[in-house]
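The values are calculated or read from the model by the stated rules, or taken from the named source; none is laboratory data. Predicted model only: the values in this text are computed from it and were never measured. As a convention, Cβ positions derive from the backbone with ideal geometry for all residues, glycine included, and neighbour counts pool all protein chains shown. To get the accessible areas, we keep the full protein, side chains included, count just its heavy atoms, and leave off ligands, DNA and RNA. Shrake-Rupley method; radii C 1.70, N 1.55, O 1.52, S 1.80 Å.
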Amino acid sequence: MFTQRPHQILRPQEPVAVADAFFEKMNARRSVRQFSDEPVPEALIRSLIATAGTAPSGANKQPWRFAAVQDPALKSEIRCAAEAEEQAFYSGRASEDWLRDLAPIGTNDQKPFLEEAPWLIVVLKRMRDDRDERLSDKVYYVNESVGIATGLLLAAAQHAGLATLTHTPSPMGFLANCLGASEHERPFVLIPIGWPHPNAMVPDQERKPLDDILTIH
Ligand code: IYR
């Protein structure tokens, strides 16, 4: 009843050159908070989500939903609710350490990008899966699975020249209300996505050198 099929292998002629070129592309990725108002076609968003959905997941349960929001009224509602949480965060909820660590990034409680970005993608965790009655409805390693899917989504967007921000207004319960999420769905991250504003600025920060993040054994 559960079958296997041959795996198709796609190996490039020059794997190192291909990997290095991909690194260069990904190394240019930055979290962007200023978006152009130029529209992004739905077909592009669909393709990015299709890539995200190729992520590995615990027991292949694919415990994710991607809610793609372009409706201006819904974006305004999300901005308004997110800013209410952020005001509480910046004016008391955040620890002193946390605020000190955010200072170089220059964030505050104003989130205009939630209305300016042509799309907001809300990534939701699905804590139950009843797709296949031969299997249980349990899900496994949901944070890991949805985190990987989100990473693939960011990579696909970068590959297409789109800018993204991983935004986590905390708590995110209001998103579940705005999107009519089921009782088994939990917001994981909110990703504004669009073409970067031509004058977009990003913090002048470096990535750790490879030798600080890699140990060979
Ligand atoms: N959610 C807040 C605070 C914030 C937290 C972290 I960790 C960041 O890397 C950036 C911001 C905000 O979006 O402003």
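Looking at the range 14-42, which of the residues that are more than 16 Å from the ligand (Cβ to nearest atom) and part of a loop (DSSP other than H, G, I, E, B) is farthest from residue 203 (Cα to Cα)?
As a first pass, look at the range 14-42 and keep what is more than 16 Å from the ligand (Cβ to nearest atom): 14-28, 36-42.
Filter once more, keeping what is part of a loop (DSSP other than H, G, I, E, B): 14, 28, 36-41.
Working: 14: 34, 28: 13, 36: 18, 37: 22, 38: 23, 39: 25, 40: 25, 41: 28 Å.
Looking at residues that are more than 16 Å from the ligand (Cβ to nearest atom) and part of a loop (DSSP other than H, G, I, E, B), I get 14.
Please determine whether any residue of the range 198-216 is surrounded by 14 or more Cβ atoms within 10 Å (Cβ to Cβ), among the hydroxyl-bearing types (Ser, Thr, Tyr) and within 29 Å of residue 22 (Cβ to Cβ). Can you show your working first?
Going through the range 198-216, the residues surrounded by 14 or more Cβ atoms within 10 Å (Cβ to Cβ) turn out to be 200, 202.
Subset that is among the hydroxyl-bearing types (Ser, Thr, Tyr): none.
No, the range 198-216 has no match at all.
With the checklist (1) open to solvent by 60 Å² or more (accessible area, probe 1.4 Å); (2) away from the ligand (no atom under 16 Å from the Cβ); (3) part of a loop (DSSP other than H, G, I, E, B) in hand, flag the one item residue 181 doesn't pass.
(1)
Considering the range 104-127 alone, what residues qualify as being open to solvent by 70 Å² or more (accessible area, probe 1.4 Å), farther than 18 Å from residue 174 by Cβ and within 11 Å of the ligand (Cβ to nearest atom)?
Start the filter on the range 104-127 by keeping residues that are open to solvent by 70 Å² or more (accessible area, probe 1.4 Å), which leaves 104, 108, 110, 115-116, 126.
Checking the rest, the ones that are also farther than 18 Å from residue 174 by Cβ come to 104, 108, 116, 126.
Hits for the range 104-127 are 104, 108.
For the range 143-158, state whether one or more residues are modelled with pLDDT of 95 or more and more than 15 Å from the chain's Cα centre (by Cα).
Just the residues of the range 143-158 that are modelled with pLDDT of 95 or more, to begin with: 143-158.
Imposing the further condition that a residue be more than 15 Å from the chain's Cα centre (by Cα) reduces the set to none.
Checked the range 143-158: no residue is modelled with pLDDT of 95 or more and more than 15 Å from the chain's Cα centre (by Cα).
Hey, residue 71 hits all of (1) without any contact (Cβ under 8 Å) to a residue 12 or more places away in the chain; (2) touching a strand residue (DSSP E or B) at 6+ places or on another chain (Cβ under 8 Å) but one; which does it fall short on?
Among (1) without any contact (Cβ under 8 Å) to a residue 12 or more places away in the chain; (2) touching a strand residue (DSSP E or B) at 6+ places or on another chain (Cβ under 8 Å), the lone unmet condition for residue 71 is (2).
Here is a check on your reading of the model: is residue 54 within 16 Å of the ligand (Cβ to nearest atom) and either open to solvent by 40 Å² or more (accessible area, probe 1.4 Å) or β-branched (Val, Ile, Thr) (or both)?
Values: within 16 Å of the ligand (Cβ to nearest atom): no; either open to solvent by 40 Å² or more (accessible area, probe 1.4 Å) or β-branched (Val, Ile, Thr) (or both): yes.
For residue 54, the condition - within 16 Å of the ligand (Cβ to nearest atom) and either open to solvent by 40 Å² or more (accessible area, probe 1.4 Å) or β-branched (Val, Ile, Thr) (or both) - is not met.
Here is a list of conditions, (1) surrounded by fewer than 17 Cβ atoms within 10 Å (Cβ to Cβ); (2) more than 16 Å from the ligand (Cβ to nearest atom), and residue 156 meets all of them except one; can you say which number that is?
The failed condition is (1).
Considering the range 162-178 alone, what residues qualify as being within 9 Å of the chain's Cα centre (by Cα) and not in a loop (DSSP other than H, G, I, E, B)? Break it down stepwise before answering.
Going residue by residue through the range 162-178, those that are within 9 Å of the chain's Cα centre (by Cα) are 164-167.
Within the range 162-178, 164, 167 qualify.
Given the conditions (1) under 30 Å from residue 110 (Cα atoms); (2) under 19 Å from the mean Cα position of the chain (by Cα), which single one is not true for residue 37?
Here residue 37 meets the rest and fails (2).
May I ask you to list pairs of residues, at least six apart or on different chains, whose Cβ atoms are under 6 Å apart, with the first in the range 46-63 being under 18 Å from residue 121 (Cβ atoms) and the second being of a type in the set (A, V, I, L, M, F, W, C) and part of a loop (DSSP other than H, G, I, E, B)?
Here the result reads 63/139, each pair linking the range 46-63 to a residue that is of a type in the set (A, V, I, L, M, F, W, C) and part of a loop (DSSP other than H, G, I, E, B).
Could you please find all residues in the range 32-62 being under 18 Å from residue 131 (Cα atoms) and not aliphatic (A, V, I, L, M)?
Across the range 32-62, the qualifying residues are 53, 54, 56, 57, 58, 60, 61, 62.
Select from the range 89-103 the residues that are surrounded by 10 or more Cβ atoms within 10 Å (Cβ to Cβ) and among the charged types (D, E, K, R) and write down the one among them that is farthest from the ligand (Cβ to nearest atom).
Initially, the range 89-103 is screened for residues surrounded by 10 or more Cβ atoms within 10 Å (Cβ to Cβ), giving 89-90, 93-94, 98-102.
So of that shortlist, the ones also among the charged types (D, E, K, R) come out as 93, 100-101.
Numbers: 93: 10, 100: 12, 101: 7 Å.
Filtering the range 89-103 for residues that are surrounded by 10 or more Cβ atoms within 10 Å (Cβ to Cβ) and among the charged types (D, E, K, R), the one farthest from the ligand (Cβ to nearest atom) comes out as 100.
What is the one condition in (1) away from the ligand (no atom under 15 Å from the Cβ); (2) open to solvent by 70 Å² or more (accessible area, probe 1.4 Å); (3) more than 16 Å from residue 189 (Cα to Cα) that residue 148 does not satisfy?
(3)
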